[in-house]
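Asks: Before I ask anything, let me first share the structure, which is written out below as structure tokens.
The values are calculated or read from the model by the stated rules, or taken from the named source; none is laboratory data. Remember, it's a predicted structure, so these values are computed and weren't measured experimentally. Quick reminder, even Gly has a Cβ in these numbers, built from the backbone with ideal geometry, and neighbours come from all protein chains shown.
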Amino acid sequence: MLRGYILPPDGSSPPPALDKIWPTVMRTPSTAAYLIFCDGVDVVVLEKDHRTAHVERQSSFIVATNSDHAAPSVRENGHQGDHAGAALGTGVAVSVVDLIEDSEERRKFMQAHWDKKVRQARKATSIPECTSSTGRQDPLRRTRASQRWGGGSSHEFLPNGSSLPTPSSGKLVDFQVTATLKEVIKWTTTYPTTNEMTHFAAVMDPTEGKVVWIRRYLEPLVFYTRY
């Protein structure tokens with residue numbers, strides 16, 4: 001099914017809209033997977049189970065790593081087995097706890113790059129920071145690419161119990177933040193996003209349907225400074 005969306009049999013037909021694709025994929029029986037769909041305007045991340053999925057949607061910036069958005073505490077559950085294969089040639093056994101912690105660290109660092117970009121844009125345009133706890137938890141309103149909504153937020157509830165943030169009524173202020181290709185490459189190649197277990201990195205343009213930058217890492221990288 002995914003191959004049909006990426007490489008449609010009839011190349012002359014326009015691909016289906018994003019809002020047609022992800023609900024179908026979400027409800028289609030499959031093995032567990034992390035799936036990202038983007039049309040250049042919106043992006044949807046599915047943490048897919050057999051017939052359901054946790055769904056996140058953004059129109060500005062979103063980070064997805066190889067751990068669940070709301071992962072259970074591995075330490076509490078006691079599943080801390082070592083996995084030598086996870087180290088991918090580094091020779092160091094990696095536990096499930098390590099994998100989740102590294103994943104969360106990469107998520108936070110990548111988000112920090114974007115948050116810094118947004119703060120700089122706000123400062124340049126004299127738009128005040130959003131200091132409410134609701135705004136902090138709702139990056140759709142905080143960092144929306146083309147506009148910023150004020151006030152409260154509502155959610156669209158999906159059949160599987162997950163929810164999507166939807167804009168609420170409020171004052172609309174034009175506010176555009178765009179990361180350049182050079183910035184995205186820099187963020188991608190900065191530790192810990194790129195680390196000693198990185199095999200390859202790529203930057204793709206969903207609007208053009210192209211891979212605009214790619215790098216292979218044939219040998220494990222060595223980092224002497226963690227920041």
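Asks: Quick one: how many residues across segment 44-61 are touching a residue at least 60 places away in the same chain (Cβ under 8 Å), hydrophobic (A, V, I, L, M, F, W, C) and in contact with a Leu (Cβ under 9 Å, 6 or more places away or on another chain)?
Replies: Going through segment 44-61 one residue at a time, the tally reaches 2.
Asks: Something else now. So if I check each of Thr178, Thr207, which one is loosely packed, with under 12 Cβ neighbours inside 10 Å, modelled with pLDDT of 85 or more and within 30 Å of Arg51 (Cα to Cα)?
Replies: Answer to the check: Thr207.
Asks: Name every residue in segment 192-222 that is closer than 20 Å to Asn66 by Cα and touching a residue at least 40 places away in the same chain (Cβ under 8 Å), in order of residue number.
Replies: Pro192, Thr193, Asn195, Glu196, Met197, His199, Pro220
Asks: Is segment 18-38 home to any residue that is modelled with pLDDT under 90 and over 30 Å from Ala112 (Cα atoms)?
Replies: No, there is no match, as no residue in segment 18-38 is modelled with pLDDT under 90 and over 30 Å from Ala112 (Cα atoms).
Asks: For Glu183, state whether it is surrounded by 13 or more Cβ atoms within 10 Å (Cβ to Cβ) and modelled with pLDDT under 90.
Replies: Taking the combined requirement at face value, the residue does not satisfy it.
Asks: Turning to a different aspect of this structure: If you take the residues in segment 1-49 that are assigned to a loop (DSSP other than H, G, I, E, B) and among the polar types (S, T, N, Q), which one is surrounded by the most Cβ atoms within 10 Å (Cβ to Cβ)?
Replies: Out of the qualifying residues, it is Ser30.
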